[in-house]
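*Asks:* To start, I am sharing the structure in question, which I have written as structure tokens.
The values are calculated or read from the model by the stated rules, or taken from the named source; none is laboratory data. The shown structure was predicted, so the numbers you read here are calculated from the model rather than taken from an experiment. Reconstructed Cβ throughout: ideal geometry from the backbone, glycine too, with neighbour counts over all protein chains shown.
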Amino acid sequence: MPFDFSPLIETHQKDTYFAAMNSPDGFVSAFDTLFSPYRRYLIKGGPGTGKSTLMKKLAQKASQQGLSVKRYLCSSDTASLDAVVIPEKHLALIDATSPHATEPHLVGAWDHYVDLSHFLREDKLAEHTETLDALDKAKKNSYRAAYHTLAAIREIDLSLESERREAFLFEKCEKAMIALLAKFRLREEKDPHEAMLPISAIGTSGYRALDTPTRQAITVYFRNSRGCARYLLETIARLLREKQISFFYSLSPLTMTPDTLILEKAGIVFTSLPLKDSPEITVNTERFLLLRGKGLLKDRKTSLKAANALCIETCDHLRRAGAYHSETETYYRAAMDFDALSRYTEAFTDSLLG
């Protein structure tokens with residue numbers, strides 16, 4: 001990062017990603033791109049009504065049957081799931097509630113609703129309508145405040161952009177990236193694609209990044225000197241487009257600039273995040289800076305301190321949003337018939353995998 005604010009690296013099972021992110025642009029989702037190829041089961045229900053539990057149950061059963069599973073963590077609460085994909089069954093089970101509300105395509109014929117509100121005692125919830133409304137408003141206000149501070153962080157980053165670009169040797173970078181890609185002997189594809197696949201997020205427990213893309217991949221780590229690793233990643237992405245090679249890209253939730261490129265078929269990851277203890281290749285971005293660039297941003301300490309303070313403030317807003325969400329869950333859980341839900345979950349997941 002251009003700021004002294006590094007993510008905590010989380011270790012998860014293979015094929016674990018995010019599908020959305022809190023950002024300077026608000027809530028940004030990749031749901032349509034990632035899940036539209038699959039037959040989607042859209043889970044509806046309030047907080048604490050078992051959406052994530054249902055997805056975890058499906059993932060567990062699929063794994064036990066030897067099926068491959070892709071898990072997509074909630075970007076706000078990494079202990080919860082936003083989606084589970086079973087490629088062999090060509091299906092996706094996703095949380096279709098706000099903020100990533102999703103509508104079906106050809107409901108019943110292709111996509112399906114899974115409504116967990118059937119297991120709610122609405123009369124119990126009705127007793128707490130005013131409280132629930134107040135909690136919902138407080139949570140939304142906390143998210144809005146977090147998006148405001150994230151936007152301020154990006155503004156600080158943009159204010160440093162002209163200095164950064166003046167000191168960066170773009171031609172030297174391009175030659176080096178061409179040589180780097182040549183080492184991998186990548187082949188042109190007939191139908192290349194690119195799509196967002198976030199591996200970093202800022203949520204209720206702070207700034208997180210997932211190391212799963214590097215588990216079984218050759219990892220090229222761009223040491224992020226003065227925040228210039230983005231230029232290497234942008235150059236690699238452009239060269240991949242020119243060469244007709246597919247890739248996924250992850251954006252920083254602080255600046256919306258690239259932090260990782262994933263070449264799934266080739267088993268290669270290019271990243272500016274410290275995802276792997278011993279990456280196969282490390283590139284020091286400092287080599288692409290003019291000599292005067294070595295002191296780049298030295299006189300901008302006030303701006304950088306302000307950005308760090310805003311990072312901390314963002315996390316505080318998101319923690320409060322998480323607390324309001326957790327309190328809301330207690331009311332919904334108290335109104336749920338979990339025995340009936342458990343029986344339904346068993347039967348439903350068996351029917352999907354049968």
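*Asks:* What residue, among those in segment 167-186 that are within 21 Å of L290 (Cβ to Cβ) and free of Cβ contacts under 8 Å to residues at least 60 places away in the same chain, is surrounded by the most Cβ atoms within 10 Å (Cβ to Cβ)?
*Replies:* K175
*Asks:* When T349 is evaluated against the numbered criteria (1) outside any loop (DSSP other than H, G, I, E, B); (2) touching a Ser or Thr at 6+ places or on another chain (Cβ under 9 Å); (3) modelled with pLDDT of 95 or more, which criterion, by number, is the only one it fails?
*Replies:* (2)
*Asks:* Here's another thing I want to ask about it. For segment 91-114, does any single residue satisfy the condition of being assigned to a loop (DSSP other than H, G, I, E, B), surrounded by fewer than 19 Cβ atoms within 10 Å (Cβ to Cβ) and at pLDDT 95 or above?
*Replies:* Within segment 91-114, not a single residue is assigned to a loop (DSSP other than H, G, I, E, B), surrounded by fewer than 19 Cβ atoms within 10 Å (Cβ to Cβ) and at pLDDT 95 or above.
*Asks:* Ok, one more. Restricting to segment 187-203, name every residue that is crowded, with 24+ Cβ neighbours inside 10 Å and either assigned to a loop (DSSP other than H, G, I, E, B) or hydroxyl-bearing (S, T, Y) (or both).
*Replies:* P198, I199, S200, listed by residue number.
*Asks:* Exactly one of these conditions fails for A146: (1) modelled with pLDDT under 95; (2) farther than 17 Å from R39 by Cα; (3) among the small types (G, A, S). Give me its number.
*Replies:* (1)
*Asks:* Of everything in segment 324-346, what is in contact with a Ser or Thr (Cβ under 8 Å, 6 or more places away or on another chain) and either farther than 20 Å from I43 by Cβ or not in a helix (DSSP H, G or I) (or both)? Give them in sequence order.
*Replies:* Y324, M336
*Asks:* Failed condition for G293, given (1) out of contact with any Leu (no Cβ under 8 Å at 6 or more places or on another chain); (2) modelled with pLDDT under 90; (3) surrounded by fewer than 14 Cβ atoms within 10 Å (Cβ to Cβ); (4) not hydroxyl-bearing (S, T, Y), with all others met?
*Replies:* (3) is the only condition that G293 fails.
*Asks:* In segment 29-67, what residues are part of a loop (DSSP other than H, G, I, E, B), more than 30 Å from E122 (Cβ to Cβ) and under 22 Å from the mean Cα position of the chain (by Cα)?
*Replies:* Within segment 29-67, A30, S36, P37, Y38 qualify.
*Asks:* So, one more: Considering only segment 309-347, how many residues are over 24 Å from L58 (Cα atoms), in contact with a Lys or Arg (Cβ under 6 Å, 6 or more places away or on another chain) and either among the β-branched types (V, I, T) or surrounded by fewer than 14 Cβ atoms within 10 Å (Cβ to Cβ) (or both)?
*Replies:* 0
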